[in-house]
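Participant: Structure provided below as structure tokens; questions to follow.
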Amino acid sequence: MSKNFVARISTPSPTSKQRPTTVSPSFLFSLPHGYLLLCVPSLHLLLQQSNHTIMALSLRSLFFSPLLKIPSPKLTPPTTNVIISLNKTPKSRKCHAVTDRSSTSTVGDHKVLVGPASAEERRGERQVADYDWTEEWYPLYLTKDVPDDAPLGLTVFDQQIVLYKDGNGELRCYQDRCPHRLAKLSEGQLIDGRLECLYHGWQFEGEGKCVKIPQLPADAKIPRSACVRTYEVKESQGVVWVWMSQKTPPNPDKLPWFENFARPGFQDVSTIHELPYDHSILLENLMDPAHIPISHDRTDWTAKREDAQPLGFEVTERTDRGFAGRWGKEKDEPLPNFLRFEAPCVLQNNRELVDSKTGEKHYFTGLFLCRPTGQGKSMLIVRFGATKRSPLAKLFPKWYFHQNASKVFEQDMGFLSSQNEVLMKEKVPTKELYLNLRSSDTWVAEYRKWMDKVGHGMPYHFGHSTISLPKVPAVVEHAPAGLVAGVSASSPAKGAIGTMHAPNLANRYFRHVIHCKGCSSVIKAFSTWKNSLSVVAAALTVLAILASGRQWKAFCLASASLCLAGVYACSTAIATNTTNFIRTHRRL
């Protein structure tokens, strides 16, 4: 890797060609719609209305700042990985009157489709960068959501790890495998700050040292080989990161730092979601502002299908670690949004706005931290923040924003899962399958071309021109079968509440709620209120029957009705946090 690499992320300084946006009343109607609907259902909740100036920001206006310039030395491609490169002319794909899209006869296609980005690409040459997926920091979890009293099982690609807090509150990360008989340590428990395997009671602490084996004779010593592999973890700006390499020491310069999140007064809404499709599909989706007006139509008032339009893109930087550029509506000049993708899986949108009345500058960021969790699975930390928020936002509970974010992902889930299935089935590069438009899919094409450079250093990849298929079959973990096992799996010890749900990544409860302390607490509170109000309503109904006075009967019945209304409200709140969104036009 380049010795000059620094992973600190900063918002670009304004220049004559790239200046902060001055906000006027008419500016509200010129803003592109976007990803803010993940967390904020109405734009006025995030920004402040002052005098006659409205500062509005949408999700699509929150895309990333340019990449830092990082030297990209030309390196010799490794010979240990087998990569399928398909630079040949793709097979003819006929669609009505349209024939082979690579044919020179379809001149018009080259005006609308994303083409080669360099002379090397036009000649069919492929640039390869030195890359090892283990020598990176991966986002594991939001710090505030790490359990205090239980281990947490996580994965990075196909590597299973366990995260927990020891007796001093320090984060520890081990390989999720007991050296005794390979049982998952994440299925264990914490005893006096030590991690205990619940199979035979072996206990581990600190740097993976085994400190207790109940089955050993009193005069026997614990074998030195009875230890677990450890991983370096760091907490930074509210996120826990893990360094996956066992050969190379952690590189602190690669640990991401986000400048806007360190600004005075910056506040954010952060959520975490487990999703049933590959992290590359997820990143594509997050880089795609063009789908928002269609897929998320009327999810809030910022997304309307009639606003779908061609977009403008300008790639300002390409390096071995990612790319950056500006984007916005095709007519915007200059393009107001800054997008930045940084290896291995950090995506960011930034925008600066200046109040035309006061001259005050405001910073807005949409940050997406993706983690590959295996074939066809990923985990995402979403963080939206700004240096200025409306007091109206405080009127809405955080769980409301969290469930709205879950709804947005559910609207795309069917598309992305099927896309994932097609890629795995076809086993060809994306240029054989995608029709990337210049006016909507530029970032998607850039991302897949970046994977052409570094894919050889990943467990598997699907690039624009190359692929490397998974060497290890996907691990499918099934929920326990049978009534007793099903009840056990849905117990609070396994992250569930009673028999509310069986483990299922397609279910909102197991995708988000069990990973979020706030939403879990809210559901438990609503469940308690629901049960209590049900009992009170029943008691009041009995009293109404037994009461002799007409006024007492009326009072008891009215009170019982109010309690039942409360039961209904609690049930609705629970369902809102645990039930998947289903499109109303879909026939079931």
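Participant: To the nearest 20 Debye, how big is the dipole of the range 404-468 about its Cα centre, given +1 on the beta carbon of each Lys and Arg and -1 on that of each Asp and Glu?
Facilitator: Details: 8 positive and 8 negative charges, 35 e Å.
Dipole magnitude for the range 404-468 comes out near 180 debye.
Participant: Oh, and also: With every protein chain left in place and a probe of 1.4 Å, what is the accessible surface of Glu352, to the nearest 10 Å²?
Facilitator: Rounded to the nearest 10, the figure is 20 Å².
Participant: Among rounded, prolate and oblate, which fits the range 119-231 when a ≥ b ≥ c are the square roots of the eigenvalues of its C-alpha gyration tensor, a/c under 1.5 means rounded, and a/b larger than b/c means prolate?
Facilitator: Working: a/c = 3.36, a/b = 2.12, b/c = 1.58.
Prolate, because a/c is 1.5 or more and a/b exceeds b/c.
Participant: When the chain is fully extended, how far beyond the present Cα-Cα distance does Glu125 get from His200, taking 0.36 nm per residue of separation? Don't skip to the answer; put the middle values down first.
Facilitator: Numbers: separation 75, 0.36 × 75 = 27.00 nm, distance 5.59 nm.
Value of the extension gain: 21.4 nm.
Participant: Hey, rough spin-label estimate for Ala558 and Ser418, points 7 angstrom out along Cα→Cβ, what's it come to in nanometres?
Facilitator: Each label point lies 7 Å from its Cα, and together they span 5.5 nm.
Participant: Still on this model: Quick one: if the Förster radius is 22 Å, what FRET efficiency do Thr143 and Leu395 give, using the C-beta to C-beta distance and rounding to 0.05? Present the calculation step by step, with values, prior to reporting the outcome.
Facilitator: Details: r = 26 Å, r/R0 = 1.20.
The formula returns an efficiency of 0.25 here.
Participant: Kindly flag which residue pairs out of Lys377/Lys407; Lys398/Lys530; Lys144/Lys407; Lys212/Lys377 have an alpha-carbon separation exceeding 25 Å in this structure.
Facilitator: As for pairs spanning more than 25 Å Cα to Cα, those are Lys212/Lys377.
Participant: Looking at the range 193-239, which trypsin sites (Lys or Arg not before Pro) are in a loop (DSSP not H, G, I, E or B) and have at most 15 other Cβ atoms within 10 Å? Working shown, then result.
Facilitator: On the way: sites: Arg194, Lys209, Lys212, Lys221, Arg224, Arg229, Lys234; in loops: Lys221, Arg224, Arg229.
Here the trypsin sites (Lys or Arg not before Pro) that fit, given the DSSP loop and packing criteria, are Lys221, Arg224, Arg229.
Participant: If you keep only loop residues by DSSP, which trypsin sites (Lys or Arg not before Pro) in the range 298-367 have at most 11 other Cβ atoms within 10 Å of their Cβ? Don't jump to the answer; show the numbers that get you there.
Facilitator: On the way: sites: Arg298, Lys304, Arg305, Arg318, Arg321, Arg326, Lys329, Lys331, Arg340, Arg351, Lys357, Lys361; in loops: Arg298, Lys304, Arg321, Lys331, Lys357.
Qualifying residues, ordered by number: Arg298, Lys331.
Participant: Then there's this: So which GluC sites (Glu not before Pro) in the range 195-255 are both in a DSSP loop and have at most 15 other Cβ atoms within 10 Å of their Cβ? Intermediate results must be reported in sequence, preceding the final value.
Facilitator: Values: sites: Glu196, Glu205, Glu207, Glu232, Glu235; in loops: Glu207.
Sparse-neighbourhood loop GluC sites (Glu not before Pro): Glu207.
Participant: Fully extended, how many nm does the chain gain between Thr572 and Lys517 (0.36 nm per residue separation, minus their Cα-Cα distance)? Walk me through the numbers before you get to the answer.
Facilitator: Values: separation 55, 0.36 × 55 = 19.80 nm, distance 1.97 nm.
Between Thr572 and Lys517, full extension yields an extra 17.8 nm.
Participant: Using the structure shown, select from Lys111/Lys431; Lys209/Lys471; Lys254/Lys329; Lys111/Lys425 the pairs with a Cα to Cα distance greater than 27 angstrom. Could the numbers behind the result be given before it?
Facilitator: Working: Lys111/Lys431 16 Å; Lys209/Lys471 32 Å; Lys254/Lys329 33 Å; Lys111/Lys425 30 Å.
Too far apart for the 27 Å limit: Lys209/Lys471; Lys254/Lys329; Lys111/Lys425.
Participant: Still on this structure, I have one more. Express the relative contact order of the range 329-437 as a whole percentage, based on alpha carbon pairs under 8 Å and six or more residues apart in sequence.
Facilitator: Working: 95 pairs, mean separation 15.1, N = 109.
Taking the mean separation of contacting Cα pairs over the length of the range 329-437, I get 14 percent.
Participant: Compute the normalised compactness of the range 224-312: alpha-carbon radius of gyration over 2.2 N^0.38 Å, N being the residue count.
Facilitator: On the way: Rg = 19.7 Å, N = 89, 2.2 N^0.38 = 12.1 Å.
Expressed relative to 2.2 N^0.38 Å, the Cα Rg reads 1.63.
Participant: Let me ask you something else. With a 1.4 Å probe and all protein chains left in place, how much accessible area per residue does the range 138-260 have, in Å²?
Facilitator: Result: 50 Å² per residue.
Participant: Using a 7 Å offset from the Cα along the Cα-to-Cβ direction at both Asp297 and Gln309, what is the distance between the two label points in nm, to one decimal?
Facilitator: About 1.8 nm, to one decimal.
Participant: Report the calculated FRET efficiency for Lys524 and Leu546 (r = Cβ-Cβ distance, R0 = 30 Å), to the nearest 0.05. Write down the numbers at each step before the final one.
Facilitator: On the way: r = 34 Å, r/R0 = 1.12.
Efficiency computed from Cβ-Cβ geometry: 0.35.
Participant: What nm distance separates the two modelled labels at Arg583 and Glu432, each placed 7 Å from Cα along Cα→Cβ?
Facilitator: Using points 7 Å along Cα→Cβ, the separation is 2.8 nm.
Participant: A further question on this structure: Using modelled amide H (1.01 Å from N, peptide plane; none on Pro or chain starts), what sits under 5 Å from the amide H of Val239, excluding residues fewer than 5 places away?
Facilitator: For Val239, the qualifying residues are Thr143.
The values are calculated or read from the model by the stated rules, or taken from the named source; none is laboratory data. As the structure is a computational prediction, the values presented were derived from the model and not from experiment. Note: ideal-geometry Cβ built from the backbone for every residue, glycine included; neighbour counts use all protein chains shown. In case anyone asks, the SASA skips ligands and DNA or RNA and just uses the protein heavy atoms, side chains included. Shrake-Rupley method; radii C 1.70, N 1.55, O 1.52, S 1.80 Å.
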